[in-house]
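The values are calculated or read from the model by the stated rules, or taken from the named source; none is laboratory data. Just so you know, these numbers come straight off a predicted model, no measurement behind them. Cβ placement follows ideal geometry from the backbone for every residue including glycine, while neighbour counts extend to all protein chains displayed.
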Amino acid sequence: MPTTPATSSPRWQNVNNALQVLDNAELLDAWRQVLLRLADSDGIHAVIAGKAYRLLANAHVISPETVANALSLALSRAQDPTQAADWLEGLLAGAGLALLHDETLLAVLDTYVCGLNPERFDAITPLLRRTFFNLCPGRATRLAGQNSP
């Protein structure tokens, strides 16, 4: 199977985990500098940018507010729906609990979905389904219940 940004995401997590186990400050710092450059690069695949933000947030290199701002920009109406869904997939891949425990991220996503016009909603729903399909059923149910009126 060819490597795509989506299929390479677990590899990124493995590299990140391995560097943490090594506990070498110099290597970790170099890795995080690469992630910072990738997260802020124009033209990088959205899955990769979202994953870089997730890894940086998990390492407390960037704040939850920074992630929420980046998510808000990634989901802005100016972005292509596919790019927005890819960014969200990168952010949440393997970290579905992020939305359960980070009310700021959940609020940004909720505001985005509630503000979609019908055409854009129809265009992005299948793409977002791909991201949320990967959450385990218990987490998906908790997330749906947490965000219902």
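Among the candidates Ala85, Ala68, the residue that is hydrophobic (A, V, I, L, M, F, W, C), under 15 Å from Leu109 (Cα atoms) and crowded, with 22+ Cβ neighbours inside 10 Å is uniquely Ala85. Of everything listed in (1) under 25 Å from Ala39 (Cα atoms); (2) modelled with pLDDT of 70 or more, the single unmet condition for Asp122 is (1).
Please enumerate the residues belonging to the stretch 18-51 that are modelled with pLDDT of 95 or more and crowded, with 17+ Cβ neighbours inside 10 Å. Listed by number, the residues that qualify are Trp31, Arg32, Leu35. Scanning the stretch 77-102 for residues that are more than 11 Å from the chain's Cα centre (by Cα) and at pLDDT 80 or above returns Asp80, Pro81, Thr82, Gln83.
Taking helices (runs of 4 or more DSSP H) as the structural unit, those lying wholly within the stretch 16-106 and holding at least 3 residues that are more than 22 Å from Thr125 (Cβ to Cβ) correspond to 25-39, 46-58, 64-74.
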